[in-house]
Every structure is written in C-alpha cells, then in structure tokens.
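Just passing along the structure, written as structure tokens.
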Amino acid sequence: MRYFNIFVYALLMIAFTGTKVNAQEKVTSPMKDVNGVKDLTLDSLDKAKTARPVAGSSRKGNNPVLFLVGNSTMRNGTLGNGNNGQWGWGYFEQEFFDENKITVENHALGGTSSRTFYTRLWKDVLKGVKKGDWVIIELGHNDNGPYDSGRARASIPGIGNDTLNVTIKETGVNETVYTYGEYMRRYIRETKAKGAYPILMSLTPRLAWDDADSTKVTRVDKTYGLWAKQVAEAEGVPFIDLNNITATKFERFGKEKMKYMFYGDRIHTTEFGARVNAESAAEGISLCPGLELAKYLKPLTKPTVPGLKREEGKPVVFTIGDSTVKNFDNDENGMWGWGAVFHELFDEKKITVYNAAKAGRSVRTFLDENRWDSVYNSLQPGDYVLMEFGHNDGGPVNTNKARGELHGAGPESQVFLMPDKHYQVVYTYGWYLRKFIMDALEKGATPIVLTPTARNIWKDGKIDRFTNSYVPWAKEVAESKGVPFIDLNSIAADDFEKKGEKKTAAYFNNDHTHSSLKGAKENAKRIAKALKKMDSPLAEYLK
C-alpha cells in the first residue's frame, strides 16, 4: 500500500507540476508547443546568414548601434523580406530612430529560441557589439517542444539554475540545456561585459482572446513575459512590456480589426501588425524611466491631415477617394471633383468639410501612401467619412502604375513583388474598404460608402453602370458592416439617361470619367439628396 501511494503521488506530481524524472537529473518538463506553427527559418541557417547584417556593419563613425535579438516576430522568413506575407517588427524599428545618431541592426531569426539563438547566433552578434551600444532581447515564442529531438530548441521553463545534459537524437551532439532565465542572464551579462546596455522585452501578443465573449487579448505574462521581467529586475536592466502595450491597442481595435494584424497563423504579423509592434517598442523605450536610449528616438508623433482647423463642437466631414472626388479644382473650365464643392451645401458654422481625396489613387494606394493614416489619426467621435473609390482599382497590381487590387469583396490575399523590389500582401477591393470602415468606427466616426461616379460611356442609350464589379462590391461591403451606402453610380446614371447622351457631355471634361465643374456640383447635390433620403444625421448640417 505504501508503494502504491508513492506511485500515485508521483503521477499527480507529473500531472499538476509538469515535472519528469530524467536518467540524469530531475527538471521541469519543456513547455508544450500548443501553436503548432512550423517555422523553418532556423533550418535554413546558412541561407539566412547571407541575408542578415554583419554585426556592427551599419555603424556610422563613433555612433552607437542598436542590436535586435529575437525570433520571427522580430524578423520573419529566411530572408526577412516579407516574401511570405509575414513581417517582423524589427524590420520597421529603424524608422523610429534618428539614423544620424544611431543605427538599428535586426539580427533576429525566425524559429530561434533563447537557447538556439544563444548557441548558434549570439557569438557572431556579440563580435560587433561595442561600448555604448544597445541590445534588445525579445525571445520565448519558440522555447517549447522537446529538449533533445526534432528542433531541440526548448529551454527549461522558469528562471532557476536547473540544467539538463542531453544528446540530440538526430545528430548525436551533446549539449547542456539551461532555464529560460539563465539564457536571459547570459545575454545580459555578456552584453554588459562589452560595455553595452541590454534591454529585455516581453513577447508580442498573439491572435488570442481570453474567451469567445471576452474583449481582452490573452496576455503572455504568466510565463516568458513574467520570467523576462523577473530576470530584468534581478539583473538591474530595463524591461519593456511589449506584450501589454500592443495588446492594449489590439483591444481598442476590436476582434475584427485585430485579425488584420496577423497573416497565416495566430503569431506572425502582417506589415500592419509589425508596424504596430515597432511603434509599441518605441513607445516603451520612450516611457521607460531614465532609459538613455530614448534620446535617439525621433518624435513619436502621428501624421494628421494638413491644414485642418478644428473648432470646438463642430464635427468634420472627410471625403476620400480619387480624381472624381478631388482633381485640379481651380479652373472653371477644368476638371473638378465633387469633394471640392461639397462644402457649399453645408452650414459651415456647424460643420467642417475636409477633402482628403487624391487624384490617381486606388483604395490600396490611398492606404499604402499613408493618406488613410493621416485621416485616421485626425478622426474624432462624431466625424463622418465619405469614401468613393473604384476608377483606378482595376489596373495591374505590380506593373505599370501598380495600383490595382484583387477583384471582389472577400478576404482573399496574395503576395506580390512590387516594382521597387519589395514584397507586399495585396487584398481585395472590399478588404480595403472594410479596413477604412472599421478604422472609422473605432474612432467613433460614421463611415459612408459610395459607389464610383458614373462614366460617360453609352451603349444602346444606356450608361455603363459597373454592374459586375465595383458597384456591387461596395454595396456588399457596406451591407456586411451595417454602414450607410449611397449608390452614386446608379443615381447619376439614372439622371444622365433622362438627360440623354448629348446633354450629358456638359457634365464631363477631358474624357469619359472626369467631371467638369458642372458635373462635380451635380454629384455633390446627388449625394446631399441621398443623405436626406436615408435620414442620415449628416443631412441635418445641410443648408
């Protein structure tokens, strides 16, 4: 009976504490790989080394270098160039620092754990570190799985002094495995020994919520985030809770927008998500008390639309789109966009109208050129955003003007190599519209989706109405998000067909797409009439 109780006790200990008995010594079992993401970058180490910088090679004169040490959440893919649609935040971190004072080198590599980075890459990085440099370490996503087989990258959970001697089954290599905390301590002490300054960061958030109904992003602060913080405090080095900073932003974005931050799985980020993490890292540096690295940061300001003068109590109507919304708008006999005359229909003592559209833009290039970001950063609760795109969205994706998107309104995406030799994930027309809508709603603004303006193209006495493309796609997006929708194309086409082909010509200038001043004013009136018909609160501000 006595031996039976001992046996039961041992089983309980294994079940509840995760410990196991090893032929050599007793250590905590490795963390299980619950994500099931197969990152093969580490397996392509020789190829990856050709794409990673030589440590210290970016140094300018006697300026310091900021070295980034991490995994695929910091630098993704074997080449780290986004050719798989996934980006690490380290790629964009240099944008937040004054390159005339400090350079940023991203030495991270996907698939590495605190253990494998230390054993296979750290020595080469350390060779380039000099007195006065900085080293940011953010590792832990891959510190799971078996100790001695497969990828053999697990560290012993915790921050203790446990060790485990293993022989890698596939290679026969003998290795001593340490705790996650011990690897962190080694990075810190060896960085300090070079006269440089180490900084520990927690892991980036994953696409996970506490439960199906929760509005809280699951924090990774009970394991690696906690252990990194404990080691940093014990070693007297700065700790930045990157996980919490970004998770707080994701909670503000909401579940649907948060999905836009990831690509392919729940861990690896799109360019959007990587930029959010890079910004969070910079913010964490700026807010860390007494951290001298902050003096090398550029001002952490977000671009807003130029020249907007807000008046207290007055909402703003933003119009975004292409040349049919904003054109030259300066010659009575020239080409005009309806956004240039839209303000004439409103009581400007009560509301401000701002035309943020730009000729030649598609819904994708309006985002790529940060034009949407400037509107997004300018939005306040009670504002309105009228969006009308489609005339420039049907062209090539990555040749000629390279401004097209995938057709449709679905979630599809594809990675393309662009003319400037960078890789980009391109989505559908409807995807970009949904992003604008969710961003506006997040800010407390009201988005209103418009179809493209009608073109002066006739066949058998009828106007071409985009019936198989941008009109139904815009409608589908608006209905799926439950936001106001104006079918400007159909409204204008109906009017033109009543006027006839000959009289309609006066509403266009130069070609069959661009409006004359008369045409721009007529489109503005059509929109105002539609706002009244749908009982939009915006209609209350009309003259």
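Near Lys298, which lysines are there with a Cα under 22 Å away, not counting those fewer than 8 places off in the same chain?
By straight Cα distance, Lys298 reaches Lys60, Lys101, Lys249.
Calculate, for region 216-293, the solvent-accessible area per residue in square angstrom, rolling a 1.4 angstrom probe over the heavy atoms of the protein chains.
On the way: 3160 Å² over 78 residues.
Ligands and nucleic acids excluded, the result is 41 Å² per residue.
Could you do me a favour and compute the accessible area per residue for region 360-425, 1.4 Å probe, result in Å²?
41
Something else now. If each DSSP helix of 4+ residues adds -39,500 (n - 2.57) and the sum is divided by the residues in the chain, what number results at 222 nm, nearest 500 deg cm²/dmol? Please list the in-between numbers first.
Working: 16 runs with 170 residues, N = 543.
Dividing the helical sum by the residues of the chain leaves -9500 deg cm²/dmol.
Give me the Kirkwood hydrodynamic radius of region 338-383, using the inverse of the mean 1/r over all pairs of distinct Cα atoms, in Å to one decimal. Display every interim value, and only then the final one.
On the way: mean 1/r = 0.0823 Å⁻¹.
Taking the inverse mean of 1/r over all distinct Cα pairs, region 338-383 comes out at 12.2 Å.
Another question about this same structure. Distance check, please: which entries in Lys259/Lys358; Lys127/Lys421; Lys498/Lys521 exceed 20 angstrom between their Cα atoms?
Details: Lys259/Lys358 28 Å; Lys127/Lys421 31 Å; Lys498/Lys521 18 Å.
Those over the limit are Lys259/Lys358; Lys127/Lys421.
Which aspartates and glutamates have a Cα less than 12 Å from the Cα of Lys194, not counting those fewer than 8 places away in the same chain?
Asp133
Roll a 1.4 Å probe over the protein chains and send me the accessible area per residue for region 486-536 in Å².
Spelled out: the 1.4 Å probe surface of region 486-536, per residue, equals 51 Å².
Still on this model: Which shape class applies to region 424-471: rounded if a/c is under 1.5, otherwise prolate when a/b exceeds b/c and oblate if not, where a ≥ b ≥ c are the square roots of the Cα gyration tensor eigenvalues?
Since a/c reaches 1.5 but b/c is at least a/b, the shape of region 424-471 is classed as oblate.
Next question, about the same structure. In the chain, carbon and sulfur make up what percent of the accessible area (probe 1.4 Å)?
Looking at the chain in its full context, I get 51 percent from C and S.
State the antiparallel share, in %, of DSSP beta bridges confined to the chain, rounding to the nearest 5.
40
I'd like the projected area of region 318-426, averaged over all directions, using the convex hull of its alpha carbons. Report it in nm² with one decimal.
8.7
Using Cα-Cα distances under 8 Å and only pairs 6 or more residues apart, what relative contact order does region 276-347 have, in percent?
15
Next question. I'd like to know which of Gly195, Asn510, Ile156 lies farthest towards the positive end of the charge dipole of the chain, counting +1 on Cβ of Lys and Arg and -1 on Cβ of Asp and Glu.
Looking along the dipole axis, the top candidate is Gly195.
Compute the Rg/Rh shape ratio of region 207-350: radius of gyration over Kirkwood radius, all on alpha-carbon atoms.
Rounded to two decimals, Rg/Rh equals 1.14.
Only loop residues by DSSP count here, and only those with at most 10 other Cβ atoms within 10 Å; note down the trypsin sites (Lys or Arg not before Pro) in region 185-225 that meet that.
On the way: sites: Arg185, Arg186, Arg189, Lys192, Lys194, Arg206, Lys216, Arg219, Lys222; in loops: Lys194, Arg206, Lys216, Arg219, Lys222.
Here the trypsin sites (Lys or Arg not before Pro) that fit, given the DSSP loop and packing criteria, are Lys222.
Just to check I understand the Karplus step: with θ = phi - 60° and J = 6.51 cos²θ - 1.76 cosθ + 1.60, what whole-Hz values come out for region 360-370, glycine and proline as x?
Values per residue, Gly and Pro as x: x, 9, 9, 5, 6, 5, 5, 7, 4, 8, 6 Hz.
Debye calculation, C-alpha points only, no solvent: report log10 I(q)/I(0) for region 178-292 at q = 0.17, 0.22 Å⁻¹, in the same order as the q values.
-0.86, -1.19
Please compute the volume of the convex hull spanned by the alpha-carbon atoms of region 267-366 and report it per residue in Å³.
Given the Cα convex hull of region 267-366, per-residue volume reads 180 Å³.
Whole-Å semi-axes of region 370-414's equivalent ellipsoid, largest first, each the root of 5 times a Cα gyration tensor eigenvalue? Display every interim value, and only then the final one.
Numbers: eigenvalues 136, 34, 23 Å².
So the equivalent ellipsoid measures 26, 13, 11 Å along its semi-axes.
Label Ser214 and Lys259 with points 7 Å out from Cα along Cα→Cβ: what is the distance between them in nm?
Placing both labels 7 Å along Cα→Cβ, they lie 2.0 nm apart.
Please express the shape of the chain as an equivalent ellipsoid: the semi-axes are the square roots of 5 times the eigenvalues of the C-alpha gyration tensor, given largest first in whole angstrom.
54, 24, 22
I would also like to ask the following. Could you tell me whether region 221-267 comes out rounded, prolate or oblate from its Cα gyration tensor? Rule is a ≥ b ≥ c as square roots of the eigenvalues, rounded for a/c under 1.5, then prolate if a/b exceeds b/c, otherwise oblate. Intermediate results must be reported in sequence, preceding the final value.
On the way: a/c = 3.53, a/b = 2.42, b/c = 1.46.
Prolate, since a/c reaches 1.5 and a/b exceeds b/c.
The values are calculated or read from the model by the stated rules, or taken from the named source; none is laboratory data. Everything numeric in this text was worked out from a predicted model, so none of it was measured. Cβ coordinates were reconstructed from backbone atoms using ideal geometry, including for glycine residues, and neighbour counts include every protein chain displayed. Only protein heavy atoms, including side chains, enter the accessible area calculation; ligands, DNA and RNA are left aside. Shrake-Rupley method; radii C 1.70, N 1.55, O 1.52, S 1.80 Å.
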